[in-house]
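Each reported figure results from applying straightforward, stated rules to the coordinates on display, with no laboratory input. Everything numeric here is computed off the predicted structure, so don't read it as measured data. Cβ placement follows ideal geometry from the backbone for every residue including glycine, while neighbour counts extend to all protein chains displayed.
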Amino acid sequence: MGHASDREQKHIVSSENGGTGAEAEAQGHGGPVWDVVVIGAGPAGASAAYAAAVAGRQVLLVEKAELPRYKTCGGGIIGPSRDSLPPGFELPFRDRVHAVTFSLNGRLIRTRRSKKMLFGLINRPEFDAQLVEHAQKAGAELRTGVTVSRVEQHGPAVPDRRTVAVVTSDGETILARAVVGADGSASRIGAHVGVKLDQVDLGLEAEIPVPDSVAEDWAGRVLIDWGPMPGSYGWVFPKGETLTVGVISARGEGAATKRYLEDFIARLGLAGFEPAISSGHLTRCRSDDSPLSRGRVLVCGDAAGLLEPWTREGISFALRSGRLAGEWAVRIAEAHDAVDARRQALNYAFAIKAGLGVEMGVGRRLLGVFERRPGFVHATITGLRPAWRVFADITRGSTTLAGLVRTSGVARRALETLDRRSQG
């Protein structure tokens, strides 16, 4: 007899420990049952797959696109994102930001500088592909070109109550003990879970190749422009020979948002350069009472509506929620009944709400201030040194909005003061 392969050996061990390995046969189905299936290979999904695979589980990561693929995103990597990356991950920085220029719809321009790097800039195709590679190295299996049409937790496709059926558009059924939905802001898994939203915004973006002389002017510096519509803003992120230029505003203002981007590009003197890519994307923020799970299915990242409501920063939320989802999916996969699975899912929700949920709450309050008084916010950040230090500390990752509000009475009083003054 030949030696068993590594995968077969894992099957033997997992079968002896309850049969939750990927090679365990489902009764009446004949196919493998994965411990964890992750749907979507963006930062949230790759982080979830990595976390579950590092725990020694059999993990399948499915993605509808071929990798690498483009994603509408500014590509800013702030401290919390950096700190959530797998060990040994080398960030593919295109630029390192040491200065931020702020403007109020093109006026009152002021630049703040820092000796220490504030944050880095990446291209999402490279970044996402590298995250997936780390998940694969940890033991996760990747399948691309797979579109998931639905998940079933009851019915003929489900051989027992401890499995979830992931049904693909071509009719394949993939069985799992736990499923993580990380399939973006238009998530089908989010719809299955019943994710509820209280904020939807439209982001428009252009990737503009520029000559070296123009690129040099922007090297190490980003621009944030507080826009003409309530809650809107624009940005310029330099990435070598390309400038990522974008704007974001509340959904329903599509024509005005498009005009803002066109005016913004023209104001910057970039109208003469042809964008290599022009794209749009909806960002969605969950409501406070939105579920994060249903049965043995969890959601994270954009699929759960997890992002910072004011800046709409989503990469750090994706990485952090993805890691938590992967860790708790392992516990759900090990749960022997619905009661235990529900307990683990509630623990996941508690972990999300205690950290990212608090940050979202503070972000909502800041968005409200900004919508009412953008000029006041601009003057505060550019004119008050303590406010700039807070901005710098948050981007570097030495603190978070939630941490400041939770631990600092000064920060709480400052936020209350902002609330009052913005209403005055």
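Write down the percent of antiparallel bridges among all DSSP beta bridges whose residues are both part of the chain, to the nearest 5.
On the way: 51 of 74 bridges.
In the chain, approximately 70 percent of DSSP beta bridges are antiparallel ones.
Please compute the length gained on full extension between Glu216 and His336, using 0.36 nm multiplied by the number of residues separating them and subtracting their Cα-Cα distance.
Values: separation 120, 0.36 × 120 = 43.20 nm, distance 5.92 nm.
Full-extension gain reported as 37.3 nm.
Strictly over 25 Å apart at the Cα level, which of Lys115/Lys239; Lys116/Lys258; Lys64/Lys353; Lys64/Lys137; Lys71/Lys258; Lys71/Lys116 would you flag in this model?
Values: Lys115/Lys239 20 Å; Lys116/Lys258 35 Å; Lys64/Lys353 29 Å; Lys64/Lys137 21 Å; Lys71/Lys258 19 Å; Lys71/Lys116 29 Å.
Correct reply: Lys116/Lys258; Lys64/Lys353; Lys71/Lys116.
Output the peptides 42-52, 210-220, 231-241 sorted from most to least packed, where packing is the average of other Cβ atoms within 10 Å over each peptide's residues. Present the calculation step by step, with values, prior to reporting the outcome.
Values: 42-52: 31.9, 210-220: 13.5, 231-241: 21.2.
Per-residue mean Cβ counts within 10 Å order the peptides as 42-52, 231-241, 210-220.
Which label belongs to the value computed from this structure, given these candidates for mean projected area of the Cα convex hull in nm²: [x] 22.3; [y] 27.6; [z] 23.9?
Read-out from the structure maps to [x].
Rounded to the nearest 0.05, what FRET efficiency is calculated for Arg259 and Leu108 with R0 set to 25 Å and r the Cβ-Cβ distance?
Details: r = 21 Å, r/R0 = 0.84.
The value I calculate is 0.75.
Can you give the FRET efficiency for Arg161 and Ala129, using 1/(1 + (r/R0)^6), R0 = 25 Å, r = Cβ-Cβ distance, to the nearest 0.05?
Working: r = 37 Å, r/R0 = 1.47.
Calculated value: 0.10.
Going by average Cβ density within 10 Å per residue, which order do the peptides 256-265, 167-176 take, highest to lowest?
Values: 256-265: 19.5, 167-176: 16.6.
Top to bottom by mean Cβ count within 10 Å: 256-265, 167-176.
Between Val358 and Ala271, with labels modelled 7 Å along Cα→Cβ, what's the label distance in nm to one decimal, could you check?
A separation of 4.8 nm, rounded to one decimal place.
Charges at C-beta only: +1 for Lys and Arg, -1 for Asp and Glu. How large is the resulting dipole of the chain about its Cα centre, in Debye rounded to 20?
Numbers: 53 positive and 47 negative charges, 401 e Å.
So the dipole magnitude of the chain works out to roughly 1920 debye.
What is the gain in length, in nm to one decimal, between Thr173 and Phe350 on full extension, counting 0.36 nm per residue of separation less the C-alpha to C-alpha distance? Spell out each step's value before the answer.
On the way: separation 177, 0.36 × 177 = 63.72 nm, distance 3.10 nm.
Contour length minus the Cα-Cα distance gives 60.6 nm.
Please give the FRET efficiency for Phe376 paired with Thr147, using the beta carbon to beta carbon distance and R0 = 60 Å, rounded to the nearest 0.05.
Efficiency at R0 = 60 Å is approximately 0.85.
Highest mean first, how do 57-63, 340-346 rank when packing is the count of other Cβ atoms within 10 Å averaged over residues?
On the way: 57-63: 26.7, 340-346: 17.7.
In descending order of packing, they fall as 57-63, 340-346.
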